[in-house]
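The values are calculated or read from the model by the stated rules, or taken from the named source; none is laboratory data. The structure displayed is predicted, hence computed values, not measured ones. Note that we place each Cβ from the backbone using ideal geometry, even for glycine, and neighbour counts take in every protein chain shown.
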Amino acid sequence: MNSEHDMTMRAAVLKLFGQPLETTRVPIPQPGPGQILVRLAACGVCHSDAHIWKGDMAHVEAPSPFILGHEGIGEVAAVGPGVEGWAIGDAAGVPWLHDTCCHCDECRDGEEPFCQHQRAHGLNVPGAFAEYVIADARFAVALAAGMDPVKTAPVMCAGVTAYGAIRRAGLKSGETCAIFGCGGLGLYAIQIASRLGIKVLAIDRDPAKLELALRYGVESIEVADAGLIARLASRDPKFHACINFAPTAATWDAMIAAIRPRGRIVAAALVSKPVALSQEWLTSTGVTITGTSVGNREEMRAVVAMHQAKPFETEIEEIRLEDASLALSALDAGTAKGRFVIRF
């Protein structure tokens, strides 16, 4: 028996921002009260991981060890004291949220993604670029046995963020939505909207992504070129909602052109650059502007059920743990063709 390997696990550890992760062995964590230990089968690599890797996202406390990853899929390997509803061998998902304060107004209203005291996997606590990870039993995601771990991993963040954005937009069957950005998030949102009976216009600079959007159920497409704003402004009627999944402020004027009076604009992508907003325009249109962040636990259960009933389509490239840095670099450079998923 190799005692070192019995007590340690392989992990990709962040030592310096922007530098390749170090694949090494670290101690296997042990679950405390209210926690479960998950043995991972797969973990997706998310654009948020790339932001954290570069040091672009503020974090109150760097986890030790600093392991990224919040799209983990595996099975329960150990259960901490006081845990109910989980047993060894259960299929589990490890999402962005590790835990929240559970007593602020946001948590009490079921809007825990907006809790200002939340802790996230791979940001505040060790994440899932490792063979094992600790999850809070209240926030881990119960999965049906037999779900494909590689196809399900991106649902833990990209899928639920897309679903949460659709919900945040207040869209109902028969309404219209313009989705800006047809990367991983946008393509999930297109499939979710299609299943809910929402009519979607997909907008992207890349014709290849728009071809995928057509395959996934959109009603129409627009190339984001120099004439886009004029074409959107001339539409009648305009859209009940506009959702931005593109990590750029360049979509803002196009959303203003596309939205109807009393419509809803939802920011889903992380865009730090400010945009111009006329309060006079707001008073004359009654447009609602809001943001969305991942999704709450109810939304997670709903999107997992949709995926279980009919798996969402997405372009997935399976990688090894050692290749995580290459995936982060590709996401940062904008050259990723789909979702990267580590298979353990």
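Overview of results
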quantity	calculated
Verdict on residue 243 being modelled with pLDDT of 95 or more, in a strand (DSSP E or B) and surrounded by 14 or more Cβ atoms within 10 Å (Cβ to Cβ)	yes
Residue check, residue 135 assigned to a loop (DSSP other than H, G, I, E, B), assigned by TED's automatic domain parsing to the domain that holds residue 76 and surrounded by 21 or more Cβ atoms within 10 Å (Cβ to Cβ)	no
Any hit, region 13-26, residues being closer than 22 Å to residue 143 by Cβ and surrounded by 20 or more Cβ atoms within 10 Å (Cβ to Cβ)	no
Qualifying residue in region 286-294 (condition: in contact with a Pro (Cβ under 9 Å, 6 or more places away or on another chain), surrounded by 17 or more Cβ atoms within 10 Å (Cβ to Cβ), among the aliphatic types (A, V, I, L, M) and at positive phi)	yes
Top-ranked residue of region 197-206 - restricted to ones that are under 14 Å from residue 248 (Cα atoms) and of a type in the set (D, E, K, R), ranked as surrounded by the fewest Cβ atoms within 10 Å (Cβ to Cβ)	205
Positions within region 153-185 being in contact with a Lys or Arg (Cβ under 8 Å, 6 or more places away or on another chain), under 21 Å from residue 210 (Cα atoms) and not polar (S, T, N, Q), in sequence order	154, 158, 175, 177, 182, 183, 184
Qualifying residues in region 30-48 (those that are among the β-branched types (Val, Ile, Thr) and more than 18 Å from residue 20 (Cβ to Cβ)) - the one surrounded by the fewest Cβ atoms within 10 Å (Cβ to Cβ)	36
Sole residue being part of a loop (DSSP other than H, G, I, E, B) and either surrounded by fewer than 15 Cβ atoms within 10 Å (Cβ to Cβ) or modelled with pLDDT under 95 (or both), chosen from 59, 51	59
Boolean, residue 145 is surrounded by fewer than 24 Cβ atoms within 10 Å (Cβ to Cβ) and over 30 Å from residue 14 (Cβ atoms)	yes
From 269, 254, residue being within 24 Å of residue 118 (Cβ to Cβ), outside the structural domain of residue 21 (by TED's automatic domain parsing) and surrounded by 20 or more Cβ atoms within 10 Å (Cβ to Cβ)	269
Total residues in region 216-240, condition among the basic types (Lys, Arg) and at pLDDT below 95	0
Residue in region 110-117 that is within 23 Å of residue 328 (Cα to Cα) and buried (at least 21 other Cβ atoms within 10 Å of the Cβ) present	no
Extreme residue, surrounded by the most Cβ atoms within 10 Å (Cβ to Cβ), among residues of region 148-196 that are among the aliphatic types (A, V, I, L, M) and not in a helix (DSSP H, G or I)	179
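Yes/no per residue for (1) over 18 Å from the mean Cα position of the chain (by Cα); (2) farther than 24 Å from residue 290 by Cα; (3) in the same structural domain as residue 320 (by TED's automatic domain parsing); (4) of a type in the set (Val, Ile, Thr):
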| position | (1), (2), (3), (4) |
| --- | --- |
| 48 | no, no, yes, no |
| 62 | yes, yes, yes, no |
| 85 | yes, yes, yes, no |
| 100 | no, no, yes, yes |
| 104 | yes, no, yes, no |
| 112 | no, no, yes, no |
| 118 | no, no, yes, no |
| 141 | no, yes, yes, yes |
